[in-house]
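Visitor: Encoded as structure tokens, here's the structure I'll be asking about.
The values are calculated or read from the model by the stated rules, or taken from the named source; none is laboratory data. Nothing here was measured: the structure is a model prediction, and the numbers come from that model. Here the Cβ positions follow ideal geometry from the backbone for every residue, glycine too, while neighbour counts run over all protein chains shown.
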């Protein structure tokens, strides 16, 4: 019958069409808010966007974002600079009493957010390595920026936690069982990354925006790394390189230090990364006194600043209401705003480079040079130091001076004080009065949750 | 791949076009070349045993799609050939089969059949079955039970009517998406944004994306808006819910959570009829909390200060020292005590002849709210159904178009919802308004509070439009072999605009706030093509039904969300052009493609033994290329043992008996799109790209194995019918975030874990015709379900985000609680057990598990018909535990109002505001003390109607008419002291509504 032949033909057509085509029918286009990794690294523009994403993410990441769980706050609590306003917030109290439990959410948040940024940097490094569509200069620059970020993250990890997993790839099978690497090896990698970054990065800032990493940012961080490693010569040399770039960097007045793209800033993080209309830094919101502020300055530290020291008025504010009265960190002036961005969160700045060089010079026996550098900082704060400092100080006296100046200058910035106490082995001397202090407290615990997920992670002593 | 696909689309279109062309050619050509025997016109009249004509009897030529319906005078006419069998069927009557000789006049007398429900066709999705013959578990509700209910969402109408179907109306605001669980929660992912527990919805054969539309409005953000709202209730003919493997496996990877089939009304081949209906009425919140008055409140507050030995000062006792101590406001009355007016109008026209029938139905529904201000919900729906059969009866075309548009105006309170504010506010809090009608800021400011109605000037308007188009095309290739194409298109758009003017804020803060808007646009489009081949063959006592088909489906879902800030003029809020800043929060389009082959073989022997095999091979773009395809299938069988002689001879009281059972596998592909893709996403800030997750190219479906056994019995000529079912569903291969250490960059990776969730249960359904006489009828139906839900296994749950949410061996809907010890006699404060004696209270001490799920639930429906009067009562009942209302306000002694009885209760701690009291309160509010009986019995629907006598209707030229009154949620009995026991918490209780109306048919 004619009809049945037609049916057969039709069925055959239907069948073959179905069987042959299922696979390709199910292929869908990538949605327009996503971009396949391969495509991201197929052109200069999109690869640069991936780097831009990392800069943005640094603002949103806990360890670097300037919120109450950031290194600036928790490091300050661990040291003798900051205190919680009330004792209600257990996780802050644990830091200020140096009695941190392995379940502490702050310890976990710093660990997590830092390794997330390490992943982003590694992902970008792998992306540009496998790509053929990126031009040579852009590839170099991106490599330098990502290596800097990776080194920066590992620097804080190794300083806060001691031996830490050194993560150099995005392979999650491998990274989920990765053991801790010895501190010295982590430092070796940090130096390797920063040296390569110095090779490939330009001196200038892209669009004159200092939230981009340039060569001097890598130099400045490398100077700090060498200081921590007590490579005094390199530390002096590298910090001098930054200080000598006077067309880019200078010491402005105290109220201008933390402004966006201030002449002192070597590397900053822009609130633009937040991605909404709020334009202020989190540091401003976290520190500036209000009824909801949870962090204040340690009154003992405040009392070390003379009233003639302009930093005691420019960088410290006073808050009082019916319940509380305290001094607060007032380096950032903008607590919350929706207008234009006026301030960037400053990570690396020229002031620190002077203090690095002062310390390096002191250790190299160049006492007058060290005093010159300290004076630069003190002069800006309105202290006439030429008559103030005895030029015949010995090393320990001048180191004492450097340390005091570092505290006054860099307080509430990036845990400087905490890391200084630790590297100079002063922590017990300074914090020993805290009843819960133990020598092993200089390292934070490896978060319990991480250890339960990765059996190869050991714990620090004392936890 | 784009190219491949478009080529494929053309191939598919050409084939479909070819089918259509072929069909139309054949349809036209066929009559001139009769294939079998000469067709002739057969006509007649159908009457009941009293000789009265029965309109609406369906007459089908057996084993064909040819069919007509008797007109109002019981007359029909149908083309048929000698030897054909005419099947006469009508609800409530025994079917009649007549084999045609040469006669052209066939008059039929139909006998009333109390068991005739068995012959009603049930939609099983790709095929139809009957109550008598079904092998699967299918529950059904028809238009009579749905259309008069003054509700917005069709799913709400099912509450209490179906065994195993748990429906919670989550709040009394119109349009909120109800929660539906068919035989329990299968997936661990149960949040609003990532929900693996939604059933598959199919409207007239077209699957739709039923996920609630997210809303920014505070008061409904926890549920979202249901896209089903735009379906007209009066256009629905029936809703079937498919529950077991036998019924759902043909839906493969989408059937795990059950399938909801909505069928719209069709026209009939009878004379044109116009039907009009109007009802109106009003609704109020069905429950309020019984709270303290000012005097009682103040006495408790003063007691707290006394207990604590603290002197009240302005900063801690503004309610006592600043606010008026004599003032009393019933905030519940002010904030949600309003009356919602409801109006509904329907008009439908239907008619047709033996070839073509059509129905056009339009409706308008308007519903106010119980909130203050001028808010309402409005919808307009229109549906058009056309059915055409060619003269030779070989070609049939069934078109349905459903269009709905609605507008929902909501309040957007600034902080918490108005309902929770109302139950928390001290009764002596100051007035909301100044004398001039503006918002009162000053008096509230004095108490360090914000006027709770601050959001009154905020408006949220959500406009939705929904088009559902479906075409079903049949062609009978030869006797017993039919070709079918099911084609569908859906287009849903929703646009929410939230406006927040400065007026909503305290003028003091105007310097730091910005007038703003949020605009959220959701679009969902899909097309579907399902070519099918259907074969039917009878040989001897055997009958075989075979169906094979394929599905091609594409969905495209888009969402854009934009915020505008800094509007200078209130009138311009929402126009992004005049906003100072515009931020695009979301802009994404998601494509989903789905492809399947499916088949069903239905076999029966002597209409006694039934076997039903279904299978589906599914492919979905949601999965990585390694896991694109999977196979699903089920076996169902039924044995009507009452047909066996040894039963019918010996057990004469047993008029019907059937054993049935099924087992099979379905899947769950509700897992979000593109999860396998190694990709970067745009950052919130402009110009950045960032990877946001680790990608696992191997992730795949959640798998759901279902097994069911059931027995159906009819007694005393089916006056009493009952069905008892037992089921067990195990959902494994759960797709969850697998924990990873952060050194990998992230904490989790989406992966299928061997975690298993089990749902078991018993369902009982009884229907009985208690009294059935000419003047008086009384019918009762009763259903009750005993669900049990359990997390069977979950390896390494301790390391996942689910560690403190679920417990192995326990149901999913639980709270982990401290063990409450009692009131500490020394302090007068609550105390809970420190199980591990470590001095701190954490999840390790939370050893008491409270199951918040239902122990059992069901409904009892009684219908009485006396002459022209009818009345129906539907009671819904639920046995469950929940969180006590005493812990929904706050610590006794704080500046929050309390439930009545708080002063006399010995179980509550003394009024105190100390830190310790606060801490103990918090511990106790997470302890076993909070567990209370939250069961309820509710008169869900009550309706009475009066059918106009014919003498009256004839006088006004009408054929039929009635007036009716409908009440919803009129009575609720519960020991629960909070708002609505149905959805525990401080949400707007469902409305108690009464509507009256009239319906006339011409």
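Visitor: Can you say whether residue A:392 is within 30 Å of residue B:739 (Cα to Cα) and assigned to a loop (DSSP other than H, G, I, E, B), as far as the supplied structure shows? Spell out how you get there, then give the answer.
Guide: Numbers: within 30 Å of residue B:739 (Cα to Cα): no; assigned to a loop (DSSP other than H, G, I, E, B): yes.
So residue A:392 fails the test.
Visitor: From B:808, B:771, B:784, B:835, which residue is more than 14 Å from every other protein chain (Cβ to nearest Cβ), free of Cβ contacts under 8 Å to residues at least 24 places away in the same chain and in a strand (DSSP E or B)?
Guide: Unique residue meeting the criteria: B:771.
Visitor: Still on this structure, please answer the following. Can you name every residue in the range A:440-463 that is at pLDDT below 90 and away from chain B (no Cβ under 14 Å)?
Guide: A:462, A:463
Visitor: Just wondering, is there one or more residues in the range A:72-85 that are over 30 Å from residue B:589 (Cβ atoms) and out of contact with any helix residue (DSSP H, G or I) (no Cβ under 7 Å at 6 or more places or on another chain)? Don't jump to the end; show me each part of the working.
Guide: In the first step, residues of the range A:72-85 are kept if they are over 30 Å from residue B:589 (Cβ atoms); the result is A:72-85.
Imposing the further condition that a residue be out of contact with any helix residue (DSSP H, G or I) (no Cβ under 7 Å at 6 or more places or on another chain) reduces the set to A:85.
Yes, the range A:72-85 has at least one match.
Visitor: Quick one: is residue B:398 over 18 Å from residue B:999 (Cβ atoms), within 29 Å of the chain's Cα centre (by Cα) and either surrounded by fewer than 19 Cβ atoms within 10 Å (Cβ to Cβ) or touching a residue at least 60 places away in the same chain (Cβ under 8 Å) (or both)?
Guide: Working: over 18 Å from residue B:999 (Cβ atoms): yes; within 29 Å of the chain's Cα centre (by Cα): yes; either surrounded by fewer than 19 Cβ atoms within 10 Å (Cβ to Cβ) or touching a residue at least 60 places away in the same chain (Cβ under 8 Å) (or both): yes.
The answer is yes for residue B:398.
Visitor: Can you spot a residue in the range A:73-93 that is facing chain B (nearest Cβ under 10 Å) and at pLDDT 90 or above?
Guide: Checking the range A:73-93: not a single residue is facing chain B (nearest Cβ under 10 Å) and at pLDDT 90 or above.
Visitor: Which is in a loop (DSSP other than H, G, I, E, B), over 30 Å from residue B:141 (Cα atoms), over 24 Å from the mean Cα position of the chain (by Cα) and within 14 Å of another protein chain (Cβ to nearest Cβ), of B:674, B:680? Explain how you work it out, then say what you get.
Guide: Working: B:680 fails: in a loop (DSSP other than H, G, I, E, B).
Answer to the selection: B:674.
Visitor: Continuing with this model, one more query. Exactly one of these conditions fails for residue B:186: (1) surrounded by fewer than 24 Cβ atoms within 10 Å (Cβ to Cβ); (2) modelled with pLDDT of 90 or more; (3) more than 15 Å from residue B:223 (Cβ to Cβ). Give me its number.
Guide: Condition not satisfied by residue B:186: (1).
Visitor: Further question on the same structure: Taking the residues in the range A:294-309 that are in contact with a helix residue (DSSP H, G or I) (Cβ under 8 Å, 6 or more places away or on another chain) and modelled with pLDDT of 90 or more as candidates, determine which candidate is surrounded by the most Cβ atoms within 10 Å (Cβ to Cβ).
Guide: Here the residue is A:295.
Visitor: Filter the range B:480-492 down to residues that are surrounded by fewer than 17 Cβ atoms within 10 Å (Cβ to Cβ) and either within 12 Å of chain A (Cβ to nearest Cβ) or assigned to a strand (DSSP E or B) (or both), then give me how many there are.
Guide: Count: 2.
Visitor: If you don't mind, another one. Please determine whether any residue of the range B:398-407 is more than 30 Å from residue B:320 (Cβ to Cβ), within 14 Å of chain A (Cβ to nearest Cβ) and in a strand (DSSP E or B). Working first, answer last.
Guide: First, the residues of the range B:398-407 that are more than 30 Å from residue B:320 (Cβ to Cβ): B:398-407.
Next cut, within 14 Å of chain A (Cβ to nearest Cβ) only: none.
Among the residues of the range B:398-407, not one is more than 30 Å from residue B:320 (Cβ to Cβ), within 14 Å of chain A (Cβ to nearest Cβ) and in a strand (DSSP E or B), which makes the answer no.
Visitor: Also, I was wondering about something else. Looking only at the range A:14-26, decide whether some residue is more than 7 Å from chain B (Cβ to nearest Cβ), touching a strand residue (DSSP E or B) at 6+ places or on another chain (Cβ under 8 Å), in a loop (DSSP other than H, G, I, E, B) and at pLDDT below 95.
Guide: Within the range A:14-26, none of the residues are more than 7 Å from chain B (Cβ to nearest Cβ), touching a strand residue (DSSP E or B) at 6+ places or on another chain (Cβ under 8 Å), in a loop (DSSP other than H, G, I, E, B) and at pLDDT below 95.
Visitor: Hey, can you tell me all the residues within the range B:511-528 that are more than 28 Å from residue B:565 (Cβ to Cβ), buried (at least 19 other Cβ atoms within 10 Å of the Cβ) and within 14 Å of chain A (Cβ to nearest Cβ)? Full working, then the answer.
Guide: Pass one, the range B:511-528, residues more than 28 Å from residue B:565 (Cβ to Cβ): B:524-528.
If we keep only those that are buried (at least 19 other Cβ atoms within 10 Å of the Cβ) as well, we get B:524, B:526, B:528.
Within the range B:511-528, B:526, B:528 meet the criteria.
Visitor: Which condition number in (1) away from chain A (no Cβ under 13 Å); (2) touching a strand residue (DSSP E or B) at 6+ places or on another chain (Cβ under 7 Å); (3) farther than 30 Å from residue B:656 by Cα is the one that residue B:595 fails?
Guide: Among (1) away from chain A (no Cβ under 13 Å); (2) touching a strand residue (DSSP E or B) at 6+ places or on another chain (Cβ under 7 Å); (3) farther than 30 Å from residue B:656 by Cα, residue B:595 violates only (1).
Visitor: All but one of (1) in a helix (DSSP H, G or I); (2) under 29 Å from residue B:739 (Cα atoms); (3) more than 11 Å from chain B (Cβ to nearest Cβ) hold for residue A:99, so report the exception by its number.
Guide: (1)
Visitor: Which of (1) within 14 Å of another protein chain (Cβ to nearest Cβ); (2) surrounded by fewer than 18 Cβ atoms within 10 Å (Cβ to Cβ); (3) assigned to a strand (DSSP E or B) is the odd one out, the single condition residue B:698 does not satisfy?
Guide: Residue B:698 satisfies all of (1) within 14 Å of another protein chain (Cβ to nearest Cβ); (2) surrounded by fewer than 18 Cβ atoms within 10 Å (Cβ to Cβ); (3) assigned to a strand (DSSP E or B) except (3).
Visitor: Turning to a different aspect of this structure: Only one of (1) in contact (Cβ under 8 Å) with a residue 60 or more places away in the chain; (2) surrounded by 16 or more Cβ atoms within 10 Å (Cβ to Cβ) fails for residue B:879. Which number is that?
Guide: Condition (1) is where residue B:879 drops out.
Visitor: Inside the range B:832-845, can you point out the residues that are surrounded by 19 or more Cβ atoms within 10 Å (Cβ to Cβ) and at pLDDT 90 or above?
Guide: Scanning the range B:832-845 gives a single hit, B:832.
Visitor: Check every one of the helices (runs of 4 or more DSSP H) wholly within the range B:204-321 and list those with 1 or more residues that are in contact (Cβ under 8 Å) with a residue 24 or more places away in the chain and under 28 Å from residue B:612 (Cα atoms).
Guide: Working: elements: B:245-248, B:294-308, B:318-321.
Ranges flagged: B:245-248.
Visitor: Still on this structure, I have one more. Could you tell me whether residue B:953 is under 30 Å from residue B:325 (Cβ atoms), outside the structural domain of residue B:169 (by TED's automatic domain parsing), over 30 Å from the mean Cα position of the chain (by Cα) and in a helix (DSSP H, G or I)?
Guide: Details: under 30 Å from residue B:325 (Cβ atoms): no; outside the structural domain of residue B:169 (by TED's automatic domain parsing): yes; over 30 Å from the mean Cα position of the chain (by Cα): yes; in a helix (DSSP H, G or I): yes.
In short, no.
Visitor: Right, next: Among the residues of the range B:706-745 satisfying the criterion of being surrounded by 21 or more Cβ atoms within 10 Å (Cβ to Cβ) and within 14 Å of chain A (Cβ to nearest Cβ), which is nearest to residue B:780 (Cα to Cα)?
Guide: B:739
Visitor: State whether one or more residues within the range A:108-130 are within 14 Å of chain B (Cβ to nearest Cβ) and surrounded by fewer than 18 Cβ atoms within 10 Å (Cβ to Cβ). Break it down into steps so the answer makes sense when it comes.
Guide: Residues of the range A:108-130 that are within 14 Å of chain B (Cβ to nearest Cβ), as a first pass: A:108-128, A:130.
Okay, now just the ones that are also surrounded by fewer than 18 Cβ atoms within 10 Å (Cβ to Cβ), so A:126, A:130.
Among the residues of the range A:108-130, at least one is within 14 Å of chain B (Cβ to nearest Cβ) and surrounded by fewer than 18 Cβ atoms within 10 Å (Cβ to Cβ), which makes the answer yes.
Visitor: Now for a separate question. Please find, within the range A:41-50, the residue that is nearest to the other protein chains (Cβ to nearest Cβ) out of those that are in contact (Cβ under 8 Å) with a residue 60 or more places away in the chain, surrounded by fewer than 23 Cβ atoms within 10 Å (Cβ to Cβ) and in a helix (DSSP H, G or I).
Guide: By that ranking, first place goes to A:48.
Visitor: While we're on this one: Can you find a residue in the range B:645-655 that is under 30 Å from residue B:514 (Cα atoms), touching a helix residue (DSSP H, G or I) at 6+ places or on another chain (Cβ under 6 Å), away from every other protein chain (no Cβ under 14 Å) and outside any loop (DSSP other than H, G, I, E, B)?
Guide: For the range B:645-655, residues under 30 Å from residue B:514 (Cα atoms), touching a helix residue (DSSP H, G or I) at 6+ places or on another chain (Cβ under 6 Å), away from every other protein chain (no Cβ under 14 Å) and outside any loop (DSSP other than H, G, I, E, B): absent.
To keep it simple, each residue is scored yes or no on (1) in a helix (DSSP H, G or I); (2) in contact with a helix residue (DSSP H, G or I) (Cβ under 6 Å, 6 or more places away or on another chain); (3) modelled with pLDDT under 95; (4) within 9 Å of chain B (Cβ to nearest Cβ).
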site	(1), (2), (3), (4)
A:4	yes, no, yes, yes
A:7	yes, no, yes, yes
A:28	no, no, yes, yes
A:35	no, no, yes, yes
A:53	yes, no, no, yes
A:58	yes, no, no, no
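Visitor: If you don't mind, there's one more thing I want to ask. Test residue B:575 against the criterion of being more than 30 Å from residue B:64 (Cα to Cα) and surrounded by fewer than 19 Cβ atoms within 10 Å (Cβ to Cβ), and give yes or no. I'd like the intermediate steps shown before the answer.
Guide: Details: more than 30 Å from residue B:64 (Cα to Cα): yes; surrounded by fewer than 19 Cβ atoms within 10 Å (Cβ to Cβ): yes.
Here the answer is yes, as residue B:575 does meet what is asked.
Visitor: Continuing with this model, one more query. Go through (1) within 14 Å of chain B (Cβ to nearest Cβ); (2) within 30 Å of residue B:689 (Cα to Cα); (3) assigned to a loop (DSSP other than H, G, I, E, B) for residue A:292 and report which single condition fails.
Guide: For residue A:292, the failing item is (2).
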